[in-house]
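> Before I ask anything, let me first share the structure, which is written out below as structure tokens.
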């Protein structure tokens, strides 16, 4: 990226970044989806009813819960760093997904605390007439990228995000919302259509259909991570130009 882009162009660039690296990205996302699926089976058993599956995923916070959160955060940090490397190289190959996984391991905790802090602050803000929550989440939206790429602690990552997004609230919010809408549309369309096809083909076990849904969601979510990476780069270009 050589110049600042519009929200639509950023989301499109993030999609091209994803597609240029889809194999390693899907490898990581699939591992996370299977881990979550196994955790689900460990909490409700191998034969849950369709009603149990439809009700929502389990939230039992046993020994597996923290491990699942740690694995998910490590995976997110890995993908953020991988997309960052790929973006710097202007498309494919961000330096190796497994090398990024090793280098991201010590940064898992800063990323987790940063995301947790921003999320809790956003929830609290949403409880106060919604607008404060949207404002907080928007201003801190690129903090996870900063924490993953630079290994900064939570206060430094949040401060850096606030500085980068200053004066660009509408641009940042529009970019993130556009990515979320497109990701949600992809998950519902591909997930539901695939579920219908699998059911028609004879797969009626809710456990199998749940795995399909988790694979689809895990495959789509890295698009948001790629969007945050290119958004951070876009904001840095805007800051340098001002």
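The values are calculated or read from the model by the stated rules, or taken from the named source; none is laboratory data. Model, not experiment: these values are computed from the prediction. Note that we place each Cβ from the backbone using ideal geometry, even for glycine, and neighbour counts take in every protein chain shown.
> Specify which of the listed residues (175, 138, 165) is within 16 Å of residue 239 (Cα to Cα) and touching a residue at least 24 places away in the same chain (Cβ under 8 Å).
Working: 175 fails: within 16 Å of residue 239 (Cα to Cα); 138 fails: within 16 Å of residue 239 (Cα to Cα).
Going through 175, 138, 165 in turn, the sole match is 165.
> Moving on to the next point. Which ones in segment 134-145 are within 24 Å of residue 16 (Cα to Cα) and more than 14 Å from the chain's Cα centre (by Cα)?
Selection gives 138 alone.
> Among helices (runs of 4 or more DSSP H) lying entirely in segment 136-242, which contain 1 or more residues that are out of contact with any helix residue (DSSP H, G or I) (no Cβ under 8 Å at 6 or more places or on another chain) and at pLDDT below 85?
It comes to 169-200.
> Counting just the residues of segment 42-54 that are assigned to a helix (DSSP H, G or I) and touching a helix residue (DSSP H, G or I) at 6+ places or on another chain (Cβ under 7 Å), which one comes out modelled with the highest pLDDT? Don't jump to the end; show me each part of the working.
Step one: filter segment 42-54 for residues assigned to a helix (DSSP H, G or I), giving 42-44, 50-54.
Keeping just the survivors that are touching a helix residue (DSSP H, G or I) at 6+ places or on another chain (Cβ under 7 Å) gives 42, 44, 50, 52-53.
Numbers: 42: 68, 44: 62, 50: 58, 52: 59, 53: 55.
Looking at the filtered set, the residue picked out is 42.
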